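The values are calculated or read from the model by the stated rules, or taken from the named source; none is laboratory data. Computed from a prediction, not measured in an experiment: that's the story for all the values here. Ideal geometry is used to build each Cβ from the backbone, glycine not excepted, and the neighbour counts take in all protein chains shown. Accessible surface is based on the protein model in full, side chains and every heavy atom, while ligands, DNA and RNA are left aside. Shrake-Rupley method; radii C 1.70, N 1.55, O 1.52, S 1.80 Å.
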Amino acid sequence: MAVVNMREMLHEAQQGGYAVGAFNILDYNSLRAVVDAAAELAAPVIIQTSVKTVQFWGYKPLIQWYGQLAGGAAVPVAIHLDHCKDLKVIRNCIDHGWTSVMIDASSKPFAENLALTRQVVEMAAPKGITVEAEMGAIVGVEDDIHVKEQEAHLADAEEACRFCSEVSLDCFAPAIGTAHGVYKGEPKIAFDRLEEIARRTGLPLALHGGTGLSDEVFQRCISLGCAKVNISTQLKYAHIDGFVEYHREHEAEYNPLKNLAAQYERLKAGVAKDIVLFGSAGTA
Ligand SMILES: [Zn+2]
């Protein structure tokens, strides 16, 4: 019974001052790499998929892979749907066996975000499915937002507290200055706001846009209340680089299983490094 929701693992992380890694997998090989890295390090782990990945493979194949790999793991594994705006997709994931979902209605005004988030909690809670919601705008680095503009996208502490007191969440993702993609410079993170939101909501916070942050920034965010750290871009790079670099080094060889093995090793090594950095190794 290794498949669980996020509630207990995030609560324990919050109490223990560490974070659980939430890794965006792309296929069977990347799923296997994440589960194996977590199992070898005795760490709880969150496997998440973007809506695009769910649509690419379909609900059934994905949940069957999850069941095979996560179901047999010796560590707790949560199966989470990352950023989703579509209630139909959320409903389908819940019906197929996902144990956790994220409703991202952060582009909507406060009341609408709250109403949609409540609808998802009403769908999920009776089935023991955990829910993450977002406030503010976690932008992509490619959006090229200037610092002044960025300030306007951050979650407001007062509003965040009001939001979290009006709906029962398991994890909250306030925009605090991180972005999705590959950072061009050092991102400007609103640590004070992060600390205030964590303290006043009492909820485990999710740190989005994790790829590319320095070890110090990770550790500071975790110490201030981020109990879930999302890693996606890093896996995209490892997925392609692991495969392609093997080919570059063995140009005459056309044995894809060897490329896949190299890809698996590259993915697993990166995930293992993150798990150690986030402090969750040995906690399962
Ligand atoms: Zn995100």
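The condition of being out of contact with any strand residue (DSSP E or B) (no Cβ under 9 Å at 6 or more places or on another chain), open to solvent by 50 Å² or more (accessible area, probe 1.4 Å) and assigned to a helix (DSSP H, G or I) holds for residue 247.
Could we say that residue 129 is under 17 Å from residue 204 (Cβ atoms) and more than 16 Å from the ligand (Cβ to nearest atom) here? Taking the combined requirement at face value, the residue satisfies it. Residues in the stretch 251-274 that are among the charged types (D, E, K, R) and open to solvent by 30 Å² or more (accessible area, probe 1.4 Å): 251, 253, 258, 265, 266, 268, 273. Of all residues in the stretch 54-68, at least one satisfies being at pLDDT below 95 and surrounded by fewer than 17 Cβ atoms within 10 Å (Cβ to Cβ).
Scanning the stretch 166-218 for residues that are free of Cβ contacts under 8 Å to residues at least 12 places away in the same chain and not in a loop (DSSP other than H, G, I, E, B), we see that the one that is least open to solvent (accessible area, probe 1.4 Å) is 192. Name the single residue, out of those in the stretch 7-23 being crowded, with 24+ Cβ neighbours inside 10 Å and of a type outside the set (Phe, Trp, Tyr), that is nearest to residue 232 (Cα to Cα). The qualifying residue nearest to residue 232 (Cα to Cα) is 22.
One line per residue, one yes/no per condition, for (1) at pLDDT below 95; (2) hydroxyl-bearing (Ser, Thr, Tyr); (3) away from the ligand (no atom under 16 Å from the Cβ):
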residue: 90; (1), (2), (3): no, no, no
residue: 121; (1), (2), (3): no, no, yes
residue: 133; (1), (2), (3): no, no, no
residue: 142; (1), (2), (3): yes, no, no
residue: 150; (1), (2), (3): yes, no, no
residue: 156; (1), (2), (3): yes, no, yes
residue: 184; (1), (2), (3): yes, no, yes
residue: 187; (1), (2), (3): yes, no, no
residue: 190; (1), (2), (3): yes, no, yes
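Of all positions in the stretch 227-240, none carries a residue that is over 20 Å from the mean Cα position of the chain (by Cα), surrounded by 17 or more Cβ atoms within 10 Å (Cβ to Cβ) and outside any loop (DSSP other than H, G, I, E, B). Whenever a residue of the stretch 41-54 is part of a loop (DSSP other than H, G, I, E, B), its partners that are charged (D, E, K, R), lying with C-beta atoms within less than 6 angstrom and at least six residues away or across chains, give the pairs 50/82.
Could you tell me whether residue 36 is open to solvent by less than 40 Å² (accessible area, probe 1.4 Å) and either farther than 20 Å from residue 208 by Cβ or of a type in the set (D, E, K, R) (or both)? It is false that residue 36 is open to solvent by less than 40 Å² (accessible area, probe 1.4 Å) and either farther than 20 Å from residue 208 by Cβ or of a type in the set (D, E, K, R) (or both).
Do we find that residue 198 is within 16 Å of the ligand (Cβ to nearest atom) and in contact with a Cys (Cβ under 8 Å, 6 or more places away or on another chain) in this structure? Spelling it out, it is not the case that residue 198 is within 16 Å of the ligand (Cβ to nearest atom) and in contact with a Cys (Cβ under 8 Å, 6 or more places away or on another chain). Scanning the stretch 59-80 turns up one or more residues that are touching a residue at least 24 places away in the same chain (Cβ under 8 Å) and within 19 Å of residue 168 (Cβ to Cβ). Among the residues making up the stretch 80-121, those that are farther than 18 Å from residue 3 by Cβ, open to solvent by less than 10 Å² (accessible area, probe 1.4 Å) and assigned to a strand (DSSP E or B) are 84, 103.
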